[in-house]
Amino acid sequence: VPTAPEQAISLNQIGFYTGGPKIAAVPVPVPVPETAAAAETFALVTLDDKEVFRGDLSVARRWPHAQGRVRLADFSSYTDAGRYRLQVEGLQPSDPFTIADNVHNELNRSALKAFYFNRSGIELTAFYADRWARPAGHPDTAVAVHSSAASVSRPEGTLISAPMGWYDAGDYNKYIVNSGIATFTLLAAYEHFPQYYAAREGAIPESGNSLPDILDEALWNIRWMLSMQDPADGGVYHKLTTLRFSDRVMPHRATAARYVVQKSTAAALNFAAVMAVASRVFADYDAELPGFAATCAEAAERAWQWAQDHPDQPYVQPPDINTGTYAFPGFDDEFAWAAAELYIASNDDSYYTEFTRYRAASGLALGVPSWTRVDTLAYVSLLHHQQHLSGAADIDGLRAALLNLADTLRDGAVTSAYGVAMGGGAGDFVWGSNAVALNQSLVLIQAYRHTRRIDYLHAALANLDYVLGRNALAMSFVTGIGQRSPQHVHHRPSAADNVVEPVPGWLAGGPHAGQQDGCSYPSDLPGASYLDDWCSYSTNEVAINWNAPLVYVSGALEAISW
Ligand code: G3I
Ligand code: 9MR
């Protein structure tokens, strides 16, 4: 019998590192029993019910984003590997979990594999895709130029080839802005932890070639992105899409005509940033991919030039199209990010000048990265490459800004009822809130890498615990991971494939009180407004930009030894 969330002990459903923090959240029963005193202690028990550790519960605290109060159970000092449950008198015991080294390796593999499952233009064979094998969909070799994208050399209706790439999410369209941050995040995972990814092979058709799988996966999308640049002027189409969202069918059954739509400043700059990163990452693979790094570098510069000539061309959805927009006002953050990546790739100081100019123009303190806020990614890259930069870069200033953001997040984790940074910021429960948690972790991991201070790492892990179960729903938000995970994600292949289990490795968007889909939710509170139903595209869709920080964070925590 499933336990109601307000009765359930909530914890990372995979488990804990032997040498790491181990914390669960225990709900305070409502109403508090008047006769019997509420439990003051918790027990860690083996699966044959032997108690191996007992500890005191912390004081009860209210989390402002959900009903009720919780107390924390901290058993960090217990370090024996094994399978356990947590018990608190008066509550159901927790689901079993593991204490071990490398507890998040399988999660990392699965989260990266999700990108393969969303590939456009390729058959997924049973050897790689198991039960989720499917025919190829969306070859995208004859995509029409939409009226909004017509130019002299490519009038409306011109057919271009723009194959490969990942479907964005639960829909089958491909959007430059969003695949930009997703691709960057995978490339950053590789750049920051190359040994970890070099040793992880074997999941995709390219496994066994001389590139790590994570780079092969990123290449699938980078090749598509390159085809979205108009060779005539260097501008980049904002998206490749059908006119409306398809029905709930498998990819090969969704055959409506596809279009490349309007060039935009955001698309050009996202593209420039990603291609600049790709040019330095793939420079090491010139033997395998002759000339590819140089192609990326040139594409980046041309897109940057186009944006110089079109510095304020927002994406405006044409009236005949109703798919995702990925439009957000203001391009200072995109300019800053692209300038920084071009600076790192070229060591040309004028790009650094542009980076500082656009950062100052935005007037914003550094924020958690998202598709609407990409300037933080510039800091991540600049600090990672600090040893190789020219004297122009103000390393101390960059570092101070990043640590300032990380300190706020870490302090939020220390004072939060659940012990997590997630929920400390006013805008944390946006559409795709689970990715906010993981991008907060990504920032905290940078702070750890540049200071080696363990409190940053603990806060980063706490937010991963949050998406894996230490939350107000007491569930893991990743398909196929943990005992209670989403079964009915808003993901067309998962809904249409006649396989009971959803495609594995996908992070659901997470709690968000917008309820734009009109489904009926169990709670209106932002941290609990979530529905595991196809209906709920505002909380239960999956998306590449949400999975990418799951890959980054799970891999980083594995690569760092506890
Ligand atoms: O900009 C406002 C901000 O000023 C305001 O304070 C805040 C309050 O909610 O809203 C902000 O805008 C939000 C925007 O995301 C940026 O965060 C919108 O309300 C919100 O509706 C919008 O949600 C986006 C959603 O598409 C609808 O456009 C999500 O970020 C985005 O992840 C999602 O992406 C979709 C694609 O369009 C289509 N493919 C699936 C994908 C995932 O659901
Ligand atoms: O399925 C679509 C999903 O991928 C998008 O994120 C979402 C918001 O743009 O829209 C979904 O499509 C819905 C459409 O907007 C309204 N009619 C119902 C569709 C889902 O069944």
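The table below gives the values:
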item: Residue in the stretch 266-284 that is under 28 Å from V145 (Cα atoms), surrounded by fewer than 20 Cβ atoms within 10 Å (Cβ to Cβ) and out of contact with any Leu (no Cβ under 9 Å at 6 or more places or on another chain) present; result: no
item: Residue selected from the stretch 528-544 under the condition of a type in the set (S, T, N, Q) and within 12 Å of ligand 2 (Cβ to nearest atom), by the criterion farthest from Y197 (Cα to Cα); result: S536
item: Cβ-Cβ under 8 Å pairs, at least 6 apart or on other chains, the stretch 526-544 side in contact (Cβ under 8 Å) with a residue 60 or more places away in the chain, far side outside any loop (DSSP other than H, G, I, E, B) and open to solvent by 30 Å² or more (accessible area, probe 1.4 Å); result: A528/P5; W534/A495
item: The stretch 310-360 - residue that is under 19 Å from A276 (Cα atoms) and of a type in the set (G, A, S) and, of those, surrounded by the most Cβ atoms within 10 Å (Cβ to Cβ); result: A338
item: The stretch 297-309: number of residues that are open to solvent by 60 Å² or more (accessible area, probe 1.4 Å) and in contact with a Gly (Cβ under 7 Å, 6 or more places away or on another chain); result: 2
item: Qualifying positions in the stretch 531-557 - hydroxyl-bearing (S, T, Y) and either within 14 Å of ligand 1 (Cβ to nearest atom) or open to solvent by 10 Å² or more (accessible area, probe 1.4 Å) (or both); result: S536, Y537, S538, T539
item: Near pairs, Cβ below 6 angstrom, 6+ apart or cross-chain, from the stretch 465-492 (over 22 Å from R83 (Cβ atoms)) to any residue that is open to solvent by 10 Å² or more (accessible area, probe 1.4 Å) and at pLDDT below 95; result: L473/P5
item: Subset of the stretch 168-188 [within 16 Å of ligand 2 (Cβ to nearest atom), over 15 Å from the mean Cα position of the chain (by Cα) and not in a loop (DSSP other than H, G, I, E, B)]; result: K174, Y175
item: Close pairs (6 angstrom Cβ cut-off, 6 or more residues apart or separate chains): among the hydroxyl-bearing types (S, T, Y) in the stretch 383-400, open to solvent by 60 Å² or more (accessible area, probe 1.4 Å) and assigned to a helix (DSSP H, G or I) anywhere; result: S390/D349
item: Qualifying positions in the stretch 511-525 - away from ligand 2 (no atom under 14 Å from the Cβ) and either among the basic types (K, R) or open to solvent by less than 40 Å² (accessible area, probe 1.4 Å) (or both); result: P511, Y521, S523
item: Residue match in the stretch 475-491 (condition: in a loop (DSSP other than H, G, I, E, B), closer than 25 Å to P64 by Cβ, touching a Ser or Thr at 6+ places or on another chain (Cβ under 9 Å) and within 15 Å of ligand 1 (Cβ to nearest atom)); result: yes
item: Some residue of the stretch 161-170 being free of Cβ contacts under 8 Å to residues at least 40 places away in the same chain and either away from ligand 1 (no atom under 16 Å from the Cβ) or open to solvent by 50 Å² or more (accessible area, probe 1.4 Å) (or both); result: no
item: Lone unmet requirement of (1) open to solvent by 40 Å² or more (accessible area, probe 1.4 Å); (2) more than 11 Å from ligand 2 (Cβ to nearest atom); (3) without any contact (Cβ under 8 Å) to a residue 60 or more places away in the chain for E501; result: (3)
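The values are calculated or read from the model by the stated rules, or taken from the named source; none is laboratory data. What you are looking at is a predicted structure, and each value in this text was computed from that prediction instead of being measured. Don't worry about glycine lacking a Cβ; one is built from the backbone with ideal geometry, like all the others, and counts go over all protein chains shown. All accessible areas refer to the heavy atoms of the entire protein, side chains included, with ligands and DNA or RNA removed. Shrake-Rupley method; radii C 1.70, N 1.55, O 1.52, S 1.80 Å.
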